[in-house]
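The values are calculated or read from the model by the stated rules, or taken from the named source; none is laboratory data. On a predicted model such as this, the values are computed, not experimentally measured, just so you know. Quick reminder, even Gly has a Cβ in these numbers, built from the backbone with ideal geometry, and neighbours come from all protein chains shown.
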Amino acid sequence: MILSVQSDLSKFKKVSPSTFMKLNIWERTHIEEWIRQIPELLGEQLLVVSVEFDRFVNSSDRLDILAIDRNGNLVVVELKRDAYAGYADLQALRYAAMVSSMTIDQLIPYYEAYRNKYSTAEEEVSINPRTEIEEFVSKDDFEELSNRPRIILCSENFSQEITTTVLWLNQFNVNISCVRITPYDMGEFYVVVPDRIIPLKEAQQYLIDIQRKEEIQELGKSKSKRTMPIIIENKLLNAGDLIYLKRALPKYLEFKEGDPLYLARITGKNGQSNAVKWELNNEEYSISALTYEIFKDNHPDKRFLGGVNGNLHWVNEDGVCLYELAQNFQLNPKD
């Protein structure tokens, strides 16, 4: 149930949930497109790399949405319009198994084809697909896709058979979750409310702890340097230096000189969440998390399309974006 209240608070009414079938909302035409453009409907930042993926050997099946999460895992998203579409769990497990051996090199052509099909002129940035994936993933030691894809089942509702199966699979460290999306008919428009019902918050923390343990066990792998560590460790920028949110901004944002919204300072720290301090509130962020927050909070609809690589949008006082600053140094390192 949703309580709809007029802006002057004079009237309110209860809005009961409807169904996608009743509202003539379809799985592929509507729900898939909403999630493709706004993957945060699923409760997290995801980089969508393909839709209607059908490049399986000896199979004509189509995977609804293929994405990557911040930890470098492939994410299989299986969509169903209602709770009566059986075997969604088995279907998603089959897809996850078939993409589990996929490498970045194998994924890049599909992602490049996806970008060419869906990118708009204002979203195009001169960066190759591999770098975009590497910059999106937040792990410093990320080199290759995990061989344990995650699964997200998304539907208007779930049968007891599916929820029981998902809970059981979670006990064996199969990372599979259920996101319920409920439509409401508000008259002039529809409202779609997402709710992650499995795993619950407490169970999700358990899964995070398990994943951290596995990451610690793999610390022996060689680490690839990414943009911010290169900048900090080689003093291309120093603690306290100002950077500016100027480059390749969405059409609803325009840089204003001196506006703290577009200003941040390098902290000199190398952690995942404290690389820069925002002038607007003096709080510390990762460069991409700050950029995502600014883009989303200033969007007319308070949303933003998918993940973002902040190093492409922030520039130094000479107007060079942080990504190019780091890349130029690697190509021509100082003596």
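Observations on the structure shown:
- Boolean, GLU52 is assigned to a loop (DSSP other than H, G, I, E, B), within 30 Å of PHE295 (Cβ to Cβ) and either in the same structural domain as ILE197 (by TED's automatic domain parsing) or basic (Lys, Arg) (or both): no
- Pick from segment 235-258, criterion small (Gly, Ala, Ser) and over 16 Å from VAL308 (Cβ atoms), ranking: surrounded by the fewest Cβ atoms within 10 Å (Cβ to Cβ): GLY258
- Taken over segment 259-281, residues that are in contact (Cβ under 8 Å) with a residue 40 or more places away in the chain, surrounded by 14 or more Cβ atoms within 10 Å (Cβ to Cβ) and part of a loop (DSSP other than H, G, I, E, B) amount to 2.
- Residue match in segment 22-45 (condition: touching a strand residue (DSSP E or B) at 6+ places or on another chain (Cβ under 6 Å) and of a type in the set (Phe, Trp, Tyr)): no
- Condition check for LYS80: surrounded by 15 or more Cβ atoms within 10 Å (Cβ to Cβ) and among the charged types (D, E, K, R): yes
- Cross-chain or 6+ apart pairs with Cβ under 8 Å, segment 159-184 first and assigned to a helix (DSSP H, G or I), then of a type in the set (Val, Ile, Thr): THR163/ILE197; THR163/ILE198; VAL166/ILE176; VAL166/ILE198; LEU167/ILE198; LEU169/ILE176; ASN170/ILE176; ASN170/ILE198
- Some residue of segment 73-92 being closer than 23 Å to GLY310 by Cβ and in a loop (DSSP other than H, G, I, E, B): yes
- Qualifying residues in segment 2-49 (those that are part of a strand (DSSP E or B) and among the hydrophobic types (A, V, I, L, M, F, W, C)) - the one farthest from GLU188 (Cα to Cα): VAL49
- Positions within segment 271-285 being modelled with pLDDT under 90 and among the hydroxyl-bearing types (Ser, Thr, Tyr), in sequence order: SER273
- The set of residues from segment 144-158 being over 30 Å from THR131 (Cβ atoms) and either part of a loop (DSSP other than H, G, I, E, B) or hydroxyl-bearing (Ser, Thr, Tyr) (or both) comprises SER155, GLU156, ASN157, PHE158.
- Some residue of segment 115-124 being at pLDDT 85 or above, surrounded by 20 or more Cβ atoms within 10 Å (Cβ to Cβ) and either outside the structural domain of CYS321 (by TED's automatic domain parsing) or over 30 Å from LEU253 (Cα atoms) (or both): no
- Failed item, numbered, when GLN330 is tested on (1) modelled with pLDDT under 85; (2) surrounded by fewer than 17 Cβ atoms within 10 Å (Cβ to Cβ); (3) in a loop (DSSP other than H, G, I, E, B); (4) touching a Lys or Arg at 6+ places or on another chain (Cβ under 9 Å): (3)
- Members of segment 297-324 found to be without any contact (Cβ under 8 Å) to a residue 24 or more places away in the chain and over 17 Å from GLU135 (Cβ atoms), listed by number: ASP297, ASP301, LYS302, ASP318
- Among residues of segment 191-247, those that are in a helix (DSSP H, G or I), modelled with pLDDT of 85 or more and within 21 Å of the chain's Cα centre (by Cα), counted: 2
- Residues located in segment 93-117, provided they are of a type in the set (A, V, I, L, M, F, W, C) and in a helix (DSSP H, G or I): LEU93, ALA96, ALA97, MET98, VAL99, ILE104, LEU107, ILE108, ALA113
- Any chance THR291 is touching a Gly at 6+ places or on another chain (Cβ under 7 Å), modelled with pLDDT of 90 or more and either polar (S, T, N, Q) or closer than 30 Å to VAL191 by Cα (or both): yes
- Filter result for ASP318 (part of a loop (DSSP other than H, G, I, E, B) and at pLDDT below 85): no
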